[in-house]
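Here's the structure, in structure tokens; my notes come after.
Any read-out appearing in this document is the output of simple, stated calculations on the displayed coordinates, not a laboratory observation. Owing to the predicted nature of the structure, the values given are computational and were not obtained by experimental measurement. A quick note on method: Cβ atoms are made from the backbone with ideal geometry, for glycine too, and the neighbour counts reach across all protein chains shown.
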């Protein structure tokens, strides 16, 4: 019961912080950055999502660095391992490959080249910078945090340490960038592309847990960071291109 109350309190605190930051950003842009206020006013959802991802990502980082997430991480991982049918493991082993460098690098390269051929330079930059930026961020954080991978059961060996999930972070960066590109080029298809992108990211994230090679907080932080990269590029660079 105590843990449930603490969880609700944490959610309430995060909600208040997000609401305060969102209102503060709106106030600042309206009174200090009037040239950008209209641009951001049309993108309230993007701004709010960026703030949510930032606050949640910082919270997960604090819990991981403070070693507060261990018991919950282990409990979730064991629950998945004990209750997911073994027949689905092969399916998730295939899914996880779609989040690998061997898949994402060629995919991002092809999408970037196609966008350049159609003279969509900002969109090409968005895809390329998001995917490449995600890769750099993965390396830097893995080296800095140096968190051990789970060893609750025998698993396949992967490069690097556990935090954050590289597969999940770069998938989130690439998928979010593609969804944002779709919203700019084909606004009518935005919801469909965003839905497919979201499902893909969640499947890759869950596959890392099914395979037992990452803790839940590894993939949660990776989703937040990966999706945040293209959102920030759009919010920061976008107004300069009007």
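Residues 234, 219 in ascending order of nearby Cβ atoms (within 10 Å, fewest first): 234, 219. For region 144-242, the spherically averaged projection of the C-alpha convex hull amounts to 7.2 nm². Its Cα gyration tensor gives region 123-200 an equivalent ellipsoid; the semi-axes, largest first and in whole Å, are 30, 15, 7. Normalise the Debye intensity by I(0) for region 59-199, one equal point scatterer per Cα, no solvent, then take log10 at q = 0.19 Å⁻¹ and round to two decimals. These q points yield log10 I(q)/I(0) values of -1.21.
Å³ per residue of the Cα convex hull, for the chain? Intermediate values should be presented prior to the final figure.
Details: hull volume 33.8 nm³, N = 242.
So the per-residue Cα hull volume is 140 Å³.
The calculated FRET efficiency for the pair residue 122 and residue 192, based on their C-beta separation and a Förster distance of 25 Å, comes to about 0.70. Helices in the chain, meaning DSSP H runs of at least 4 residues, each add -39500 (n - 2.57). Divided by all residues, the mean residue ellipticity at 222 nm is -26500 deg cm²/dmol. Cα convex hull, region 1-143: 185 Å³ per residue, rounded to a whole number. Label-point separation (nm) for residue 152 and residue 110, each offset 7 Å from Cα along Cα-to-Cβ? Output for this residue pair reads 3.5 nm.
Using the beta-carbon distance between residue 94 and residue 28 and R0 = 45 Å, what value does 1/(1 + (r/R0)^6) give for FRET efficiency, to the nearest 0.05? Could the numbers behind the result be given before it?
Working: r = 46 Å, r/R0 = 1.03.
Efficiency, from the Cβ-Cβ distance: 0.45.
Which angle from 0 to 90°, rounded to the nearest 10, does the C-alpha axis of helix 121-145 make with the longest principal axis of the chain? The answer is roughly 40 degrees.
For the ranges 193-200, 64-71, what's the packing order if you count other beta-carbon atoms within 10 Å of each residue, average per peptide, and put the highest first?
Final packing ranking: 193-200, 64-71.
Cα centroid separation, region 41-100 to region 131-153: 14 Å.
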